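The values are calculated or read from the model by the stated rules, or taken from the named source; none is laboratory data. Treat the numbers as computed from the prediction; the structure is a model and nothing was measured. Reconstructed Cβ throughout: ideal geometry from the backbone, glycine too, with neighbour counts over all protein chains shown.
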Amino acid sequence: MVRFIISRLIKAAILLLAILTLNFLLIHAAPGDPAAVMAGEAGAADEEFIRQLRERFGLDKPLITQLGIYLGGVLQGDLGFSYRQQVPVADLIFDRLPATLLLTMTAFVIALTLGTLAGVLASARVGKWSDTFISTAALLFYATPLFWVALMAVLVFSVHLNWLPAFGFETVGSGYTGFDRALDVARHLVLPAVTLGLFFMAVYMRMTRASMLEVSQLDFVKTARAKGLKNSIIQRRHIFRNAMLPVVTLAGLQAGQLVGGAVLTETVFAWPGIGRLMFEALQQRDYNLLLGVFFVSAAMVLLFNLITDILYRVVDPRIRVA
Amino acid sequence: MHSIRALRARASKGTMMATPAARIEHLKIALPEGADRALAVDDVSFDLVPGEILCIVGESGSGKSMSANAMMGLLPDLVRPVGGRILVGDKDILTLSDKERRDMRGRAMAMIFQEPMSALNPLMKVADQIAEVYEAHGLLTPRERKDRAVQLLTEVGIPEPEKAARAYPFQLSGGQRQRVMIAMALALEPKILIADEPTTALDVTTQAQILDLIRHLQRERDMAVMFITHDFGVVAEIADRVAVMQFGKIVEEGSVDDVLDHPQHDYTRKLIAAIPRLSADRRAAIEKAPILAVEGLNKTYHTGGSMFAKGRVVHAVNDVSFVLADGETLGIVGESGSGKSSVGRCLVRLLDPDSGVVKLGGVDMAYMKGEELRRERKRIQMIFQDPYASLNPRSRVGRILSEGPMAHGKPKDEAYQRASELLELVGLDASAIDRYPHEFSGGQRQRIGIARALALEPEVIIADEAVSALDVSIQAQVLDLLADLKARLNLALVFITHDLRVAAQVCDRIAVMQKGRIVELGPAYDIFNDPRDAYTRSLIEAIPGREKELAAMTG
């Protein structure tokens, strides 16, 4: 197992460098550079000013040299400097990462637990009205644009009912500390996390349902019934465990992706996370920051992939031993 | 005082027959609406008697498995019993509550299934799966359950039972898994054992061992066994009594000798006649020039392995050489994993051989690449085992048959014209051209598969287990068709099969493969009548029903 993890980490590191290089080249292939955007915003888009800016950011050097400098920095743990915000990129990202992780992981847990639970329930009542109801409800959340659900949730629970705060990470200027602060953050977390979670829930629900139904047709389930086992034990021990294998794969893919992918939710709820940071960086052509965000989200995807593979080995002996 | 008559009556009753362990009376099982017939099982009655093995024989769809599942209360949801009784002791299973029925499963009767590969939960250790039987009925402590599991594994003859108990199913061979299933079935010492095609998925030598085991355990424990099979060889090997089923009805029932030696019903006669005889004719050697010459063919598979761990290397094809004469049928027989299919796949270049020569009419195909391979490979075509999976379900038959010729430059009209000729050639109506594969039966689909192989007018055909998935009567028809086509079109055929009976019937020469090597190669007659290699002998001895057939031939 240790060997497996080390081997995978080495592969992941190589892959990460390749991703960085590709991102770097792609970004530079896009028209417009930060100097032009900054000059434009400053209302002084004359050639000389732009040239000076370029020189300052090192954008006048050949692309390959720029890449070399950048990768060299990353290898030493330096993600570069955001000229727009005048702060090191790493500071910006690690300032925002906890908020994003809190939001996406809560949403992820909600999606996964509710999704599998709903999937199990639906599969046990396949064809009946409760199955139809669960399937339709889950699909509804998936089909409705996320920002709209978010806005409606704010309208109902914050504006009309005034149960929960409408936006932000915590109550600004409240001066809460310790447990009070945690409670405050938790209250702010409810709406964005549930909105995001319900959206992804549909996928887990569909997958769990389909997988449960498929596994319940397999021969070993018949064997279990022939033993005289109770249906509840068969469902839990024989069907559910086997049905979870594809769900684990999907969850691993999605967990990593979620870190970089909560842009919409973070924007609607003014959640100070990576998603919004990325969105801003994109608008401002803040190359270093953008690359930094991509780097972190790519690293997260790889990390969760690794966790998935480890989990898979724990759950499935065929992969562990063979 | 007892009268002599009463005593005599009692005595004769004792010798006549024990009380049945189960009695099936006028059982009727309905199929869902829209099925090809209303009743899966139609007025079926039989007794299961302690110490006796009742074989229920029939082809697919005859209702034999349905009867078994009804006894266990394991019928699919849409299928339900609509009449009759299944009496076990004094209880009618069909009228019991779910809970009562569940309690009888495993305890009063147990079942083993066809596919040992899929009948065990892949994520649970063997011991845990056996222990579950006790758990289901609230018996023993967890510790005792595990101990019993090891005892049972010992009893069914698994090597290193302690180790096997800790293993996961995928770590065991097919035969060992079936032994685990049997151990599980025996756990609560049921009086009735239901075996649904328990050896069909196994190799012939493993099959012989499992049949022995079932026989042995059944005698030792005085169980009533209901043994479902499609294979009359297996019937001859294991049955005390036989019931033959067709379209949901029992058409004939009797002692094994009566049914096999003096079948009364036409259907039984037809089935028995369709079994390939286990004797190869002495055929004249084919003196023609070789069309295919294989020399020193090798293929290895590498599994697992990564940056750090060394993978496993399997030598699937190990230095295989043979020649195939024009118009000859060469059989390649062997058990699963012997490498016979890998040889076939190397010949048509679905696999790339590691080394060796595959000369087709003087041209070496072994390493040919790209456009040249594309052009040449039409000369050697393959018929696959599974007629369900080998035809694209979204393509009409016409397209399936003309795709190949069109890829080789034949105009569409001509290709479709040829396709309808081919359909007639393989005994199908030309109107089949506009239909989809799912509209045909298994046998018909295999005819389409044959037509497809013929469409490119190949010189050599590789038939990989081409009749293994078919019922015996359909199998006989397809074999006849192949023989007929071969004679008419002067084809050379490589016939890959695990079934020695089929090989005996169709092959001029036979190559016996074991672990990637050809251990014996010679005329079919010699292979069956004077096998040189010990492995060949063990294969032939393991063929079910062989002794009975030999006795019938000599006597």
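Is at least one residue of the stretch B:108-117 assigned to a strand (DSSP E or B) and surrounded by fewer than 20 Cβ atoms within 10 Å (Cβ to Cβ)?
no
Can you find, within the stretch A:258-268, the residue that is nearest to the other protein chains (Cβ to nearest Cβ) among those that are surrounded by fewer than 23 Cβ atoms within 10 Å (Cβ to Cβ) and either of a type in the set (A, V, I, L, M) or not in a helix (DSSP H, G or I) (or both)?
The extreme case among them is A:Val263.
Output yes when any residue across the stretch A:117-130 is under 21 Å from A:Trp271 (Cβ atoms), out of contact with any helix residue (DSSP H, G or I) (no Cβ under 8 Å at 6 or more places or on another chain), of a type outside the set (Val, Ile, Thr) and in the same structural domain as A:Thr249 (by TED's automatic domain parsing), and no when none is.
The answer is no, given that none of the residues of the stretch A:117-130 is under 21 Å from A:Trp271 (Cβ atoms), out of contact with any helix residue (DSSP H, G or I) (no Cβ under 8 Å at 6 or more places or on another chain), of a type outside the set (Val, Ile, Thr) and in the same structural domain as A:Thr249 (by TED's automatic domain parsing).
Does any residue of the stretch B:488-508 turn out to be assigned to a helix (DSSP H, G or I), under 24 Å from B:Ser60 (Cβ atoms) and of a type in the set (Asp, Glu)?
Scanning the stretch B:488-508 turns up no residue that is assigned to a helix (DSSP H, G or I), under 24 Å from B:Ser60 (Cβ atoms) and of a type in the set (Asp, Glu).
Within the stretch A:152-166, which residues are exposed (fewer than 14 other Cβ atoms within 10 Å of the Cβ) and either over 23 Å from the mean Cα position of the chain (by Cα) or in contact (Cβ under 8 Å) with a residue 60 or more places away in the chain (or both)?
Listed by number, the residues that qualify are A:Leu155, A:Val156, A:Val159, A:His160, A:Leu161, A:Asn162, A:Trp163.
If you go through the stretch A:274-322, how many residues are assigned to a loop (DSSP other than H, G, I, E, B) and within 14 Å of chain B (Cβ to nearest Cβ)?
Final tally of qualifying residues: 2.
Go through the stretch B:132-166 and report how many residues are among the β-branched types (Val, Ile, Thr), assigned to a helix (DSSP H, G or I) and free of Cβ contacts under 8 Å to residues at least 12 places away in the same chain.
Residues flagged as among the β-branched types (Val, Ile, Thr), assigned to a helix (DSSP H, G or I) and free of Cβ contacts under 8 Å to residues at least 12 places away in the same chain within the stretch B:132-166 amount to 1.
Does B:Leu123 qualify as being touching a helix residue (DSSP H, G or I) at 6+ places or on another chain (Cβ under 6 Å), part of a loop (DSSP other than H, G, I, E, B) and surrounded by fewer than 23 Cβ atoms within 10 Å (Cβ to Cβ)?
Answer is yes for this residue.
Conditions (1) surrounded by fewer than 22 Cβ atoms within 10 Å (Cβ to Cβ); (2) closer than 20 Å to B:Ala476 by Cα; (3) without any contact (Cβ under 8 Å) to a residue 60 or more places away in the chain, marked per residue:
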site: B:Thr229; (1), (2), (3): no, yes, no
site: B:Ile250; (1), (2), (3): no, no, no
site: B:Asp257; (1), (2), (3): yes, no, yes
site: B:Arg269; (1), (2), (3): yes, yes, yes
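Can you name every residue in the stretch B:184-198 that is farther than 17 Å from B:Gln114 by Cα and among the β-branched types (Val, Ile, Thr)?
Selection gives B:Ile192 alone.
Taking the conditions exactly as written (at pLDDT 85 or above and not hydroxyl-bearing (Ser, Thr, Tyr)), does A:Asp309 satisfy them or not?
Yes, satisfied.
Being loosely packed, with under 15 Cβ neighbours inside 10 Å and of a type in the set (Gly, Ala, Ser) is the filter here; which residues of the stretch A:138-151 pass it?
A:Ala143, the sole residue that qualifies.
Just name the residue that is surrounded by the most Cβ atoms within 10 Å (Cβ to Cβ) out of those in the stretch A:236-257 that are in contact with a Leu (Cβ under 7 Å, 6 or more places away or on another chain) and within 14 Å of chain B (Cβ to nearest Cβ).
A:Asn242
Return only the number of the condition from (1) surrounded by 24 or more Cβ atoms within 10 Å (Cβ to Cβ); (2) assigned to a loop (DSSP other than H, G, I, E, B); (3) without any contact (Cβ under 8 Å) to a residue 40 or more places away in the chain that A:Trp271 does not satisfy.
(3)
If you check B:Val88 against the conditions, is it more than 10 Å from every other protein chain (Cβ to nearest Cβ), within 22 Å of B:Leu217 (Cα to Cα) and either crowded, with 17+ Cβ neighbours inside 10 Å or without any contact (Cβ under 8 Å) to a residue 24 or more places away in the chain (or both)?
Yes.
Give the residues of the stretch A:175-234 that are within 14 Å of chain B (Cβ to nearest Cβ) and among the hydroxyl-bearing types (Ser, Thr, Tyr), sorted by residue number.
Selection gives A:Ser211, A:Ser216, A:Thr223, A:Ser232.
Does B:Arg241 meet the test of being basic (Lys, Arg) and more than 13 Å from chain A (Cβ to nearest Cβ)?
yes
Assess whether B:Ala280 counts as being in contact (Cβ under 8 Å) with a residue 60 or more places away in the chain and not in a loop (DSSP other than H, G, I, E, B).
no
Would you check which residues across the stretch B:103-131 are at the interface with another protein chain (Cβ under 7 Å from one of its Cβ atoms), closer than 30 Å to B:Leu211 by Cβ and without any contact (Cβ under 8 Å) to a residue 40 or more places away in the chain and list them?
B:Arg105, B:Ser118
Out of the residues in the stretch B:166-196 that are farther than 23 Å from A:Lys230 by Cα and aliphatic (A, V, I, L, M), state the one that is farthest from the chain's Cα centre (by Cα).
B:Ala167
Count, please, the residues in the stretch B:161-196 that happen to be in contact with a strand residue (DSSP E or B) (Cβ under 8 Å, 6 or more places away or on another chain), charged (D, E, K, R) and within 12 Å of chain A (Cβ to nearest Cβ).
Total meeting the criteria: 1.
So, in the stretch B:378-426, of the ones that are assigned to a helix (DSSP H, G or I) and touching a strand residue (DSSP E or B) at 6+ places or on another chain (Cβ under 9 Å), which residue ends up farthest from B:Leu324 (Cα to Cα)?
Restricting to residues being assigned to a helix (DSSP H, G or I) and touching a strand residue (DSSP E or B) at 6+ places or on another chain (Cβ under 9 Å), the top hit is B:Gly404.
Can you find a residue in the stretch B:201-214 that is in a loop (DSSP other than H, G, I, E, B), surrounded by fewer than 21 Cβ atoms within 10 Å (Cβ to Cβ) and in contact (Cβ under 8 Å) with a residue 60 or more places away in the chain?
Checked the stretch B:201-214: at least one residue is in a loop (DSSP other than H, G, I, E, B), surrounded by fewer than 21 Cβ atoms within 10 Å (Cβ to Cβ) and in contact (Cβ under 8 Å) with a residue 60 or more places away in the chain.
Taking helices (runs of 4 or more DSSP H) that do not extend beyond the stretch A:2-114, which have at least 1 residues that are within 20 Å of A:Gln283 (Cα to Cα)?
A:2-29, A:34-42, A:47-57
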